[in-house]
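Asks: Please read through the structure below; I'll follow up with questions.
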Amino acid sequence: MGKMFDFKLIFKDLPQLLSCLHITLLIVVSATVIGLILGIVLALFRLYKIPILSQLATIYISFNRGTPMIVQLFIVYFGLPSVLLIIGIDINRWDKLYFVIITYGLNAAAFMSEIIRASILSVDFGQTEAAYSVGMTRLQTFSRIVAPQSLLIALPNLGTSFLGLLQDTSLAFTIGIIDVMGKAKAIGATTYHSIEAYIAAAIIFLVLGTLLEKGFILIEKRVEYKKVSLKL
Amino acid sequence: MKKIKLSKLVTGLLLLSLTLSGCSSKTSETVASTNKVATPKTIVIGIGNAFKPYCYLDDKGKIAGYEYEVLQEVNKLLPQYKFEYEPAEFKTILVSLGAKKVDIGAHQFEKNPDREAKYLFGGESYTTFILRIAVKKGRTDIKGIDDLKGKTVQVSPGSNDAYTLEAYNKKNNNAIKLVYSSADNATTVKSVQDGRIDAFISIKRIVDTLNKTYGDVIQTVGDPIASSSTYYVYRKEDTKLKEDIDGALKTLKANGKLSKLSVDIIGGDYTTND
Amino acid sequence: MEFDFNFMIVALKAAIKFTPVSLVLAFVPLVIGIILGTFVAITRVYKVKVLCKLSQIYVVIIKGIPVSLILLIMYFGLIQGFDVIAELFHWTIRSKDIDLIYVAIIGLSIYAIATISEIIRGGLMSVDEGQYEASYSVGMSKTQTLSRIILPQIFPVVVPMLCSSLIGLFKGSSVAFLISVTDVMNGALITATGNYLFLEAYVAAAIVYWVICIIFERVSYILEKHLKQYGKGVAL
């Protein structure tokens, strides 16, 4: 006779979940990188109000944030190969993982571009004025003065995005990719003890999240142009 | 189109293999296959990944279960096809089928006229799904579907239990209160224990497993409320594929292999129609 | 592949029917998240003795665990606890009588507090220290400084991110289906039970989500513009 909740199962599930950790990390890290690069590009389109590109960026961001991830996954997984086939590229044989990474990357780009846009807008104009007055170019001003200061605001949110992505990877299971969350679901389906599996996954994510926090604190210290240790 | 490209490829490789030494194993495989009459057509099967014991992933993440075993047997009888398996979630399989990412859907799908409008169902069924009412152990007031009137029953969307009860409600003035949920087994059992829901629908095999896992908590009551056959799902135009697989299933039923698989994996012979 | 537009309309109607559920599951956690999240953020930025550490632990843990797990723990734990308390106080209601949407709201709020507090914290850290110093030097108390000087300045920064949070909560409300709360997405999917036309259902849900999110974005944009008048202009 069994029990409804078996504490020992959490520890039994952990090694199984850890075996899929590399997939999760691959998806999340790749998606974050794609998201950051594409997100910065999109944010710049909108901030500098470049015609056409700015409007396209706005529509893209709106669509990606507004529609459910599973629909975006369907579009990329089912739709993209058909579209690319028209111009002669056959990606049907690609590993499903690539489709997942593309989907998550595109989605992350939309959310991150908003974070980046907001954080850049928060930097005081006086900074830019001062930079121009000592003869810096637009690029120098952006990269040396504005960007580091915007990081301070962007970082906590980027961290949240990253952790959010970790959990969102559960969607990949619907097309058969087995990552940590997917494995947790699979274990739940076979052993009928879902909660224990989810708790094991949570433990893994917590460890990752804590490591991330420590990493961010290090970065925050390096871009501290404003003394955050407020004398209050 | 595909055939022309294939023969070009094969001829080219034949020439290459004659002149090259140290061919890769892939090339020699293709050369070997040209000795057969035709290379097997790859058929991708969308199979479930979270429905034990029918289709699930084992500890190593490999596909296992009744669906898989049956299809492997079918493949043995149909050497002109090569089955490849794509595990995915229930609803995704159907979307994949329409999008031509998979050619067959295998997830204990059941047919009805609405569904047959869009999809092609197999002619031969391969399992009979016998749905029963499951309630908290020791409960005596519910004995059949009519006793569910006024009670709360949990169902999951897309499933046949939802469909059956919805049909019942249409004829009976929405007497049964349906609660849709994607709750996992533990949550469902807890809901029943708390009294939040009065019943859910399941099959005997799963109820037995639930009792083994959680302790003796659930019992099935009354006669089965529905007993439907499950079929493979194809696209409307794939009639040849359907015919071939139907033929194979007939053979498996005739020689008893299907029954044996059924007994071994799902605990009883569910291969004949009730 | 063919697409059944007529059925999509059916699914669309069902999806619209459940929109209020999703909206409630998005807005209530948002508001609770803003109020309590600001509180949590303040304790961390001001490094209030004990609360700072507690807040940090709370945020790190909740951000790390899957939302579905929070809901499941709520369901099992809260229900269990509630029944125990109900027995103790001889209340007539039992956990089974509580509409699960409240459990979902509490669970999502717990998550929202953690994520929104990070947004607020980022905003608080962006305000120049000079602002704090200046307001203290004219004799304002900490509370006055916060409410009159600092918080208004973080609004333009924080509003776009809160919009993202709201959108995330709105779409994420579908996780409540785990505890039987039907939202837009699942409302649409349920209609495909009989005919297996899930693609049309997904598309219908996507349309509803997108339209509502566009409304959110418009409102957020107007708010941003309106609040920018506090600032001196932007760096670009």
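Asks: I need the Kirkwood Rh of the stretch C:27-155: take the reciprocal of the average 1/r across all distinct C-alpha pairs and report it in angstrom.
Replies: Over the stretch C:27-155, the inverse of the mean reciprocal pair distance is 16.7 Å.
Asks: Now, a different point. Give A:Lys96/B:Lys91; B:Lys101/C:Lys63; B:Lys170/C:Lys96; B:Lys52/B:Lys240 a once-over and call out the pairs whose C-alpha atoms are over 25 Å from each other.
Replies: Violating the 25 Å Cα-Cα cut-off are B:Lys101/C:Lys63; B:Lys170/C:Lys96; B:Lys52/B:Lys240.
Asks: Give the whole-number value, in cubic angstrom per residue, of the convex hull volume spanned by the C-alpha atoms of the protein assembly as shown.
Replies: In the protein assembly as shown, the Cα hull volume divided by residue count equals 202 Å³.
Asks: Would you list which lysines come within 24 Å of A:Lys49, measuring only between C-alpha atoms, while excluding same-chain residues fewer than 8 positions from it?
Replies: Once the sequence-local lysines are set aside, what remains near A:Lys49 is C:Lys225, C:Lys228, C:Lys232.
Asks: Report, in whole Å, the centroid distance computed from the Cα atoms of the stretch B:172-248 and the stretch C:153-214.
Replies: The stretch B:172-248 and the stretch C:153-214 have Cα centres spaced 27 Å from each other.
Asks: Hey, if you drop one equal point scatterer on each alpha-carbon of chain A and run the Debye formula without solvent, what base-10 log of I(q)/I(0) do you get at q = 0.11 Å⁻¹?
Replies: For the requested q values the scattering log ratios are -0.70.
Asks: Still on this structure, please answer the following. Take every residue in peptide B:47-59, count the Cβ atoms of other chains within 10 Å of its Cβ, and give the average of those counts.
Replies: Per-residue shielding by partner chains comes out at 4.
Asks: Still on this structure, please answer the following. For the stretch C:80-116, which chymotrypsin sites (Phe, Trp or Tyr not before Pro) pass both filters: DSSP loop (anything but H, G, I, E, B) and at most 12 other C-beta atoms within 10 Å?
Replies: C:Trp91
Asks: With chain A treated as a Gaussian network of Cα nodes joined by springs under 10 Å, which of A:Val28, A:Val100, A:Val76 yields the largest mean-square fluctuation?
Replies: A:Val76
Asks: Just need the relative contact order of chain C here, percent rounded to a whole number, with Cα pairs under 8 Å and 6+ apart.
Replies: Taking the mean separation of contacting Cα pairs over the length of chain C, I get 35 percent.
Asks: OK, next. When only alpha-carbon atoms are used, what values of Rg and Dmax, in angstrom, describe the stretch A:1-109?
Replies: Taking only Cα atoms of the stretch A:1-109, I get Rg and Dmax of 19.0, 68 Å.
Asks: Still on this structure, please answer the following. Taking a ≥ b ≥ c as the square roots of the Cα gyration tensor eigenvalues, with a/c under 1.5 meaning rounded and otherwise prolate when a/b beats b/c, else oblate, which class fits chain C?
Replies: oblate
Asks: Is there a simple number for the mean count of other chain Cβ atoms within 10 Å of the Cβ of residues in A:206-212, and what is it?
Replies: If you average over the peptide's residues, the count of other-chain Cβ atoms is 3.
Asks: Eigenvalues of the Cα gyration tensor times 5, then square-rooted: what semi-axes does that give for chain B, in whole angstrom, largest first?
Replies: Those come to 44, 19, 17 Å.
Asks: Could you grab the relative contact order for chain A? Cα pairs under 8 Å, six or more apart, rounded to a whole percent.
Replies: Taking the mean separation of contacting Cα pairs over the length of chain A, I get 31 percent.
Asks: Another one. When DSSP beta bridges are limited to those with both residues in the protein assembly as shown, what percentage is antiparallel, rounded to the nearest 5?
Replies: 60 percent
Values in this text are rule-based calculations from the coordinates and carry no lab data. What you see is a predicted model; the values in this text were computed from it and never measured. Cβ: placed from backbone, ideal geometry, glycine included. Neighbour counts: every protein chain shown.
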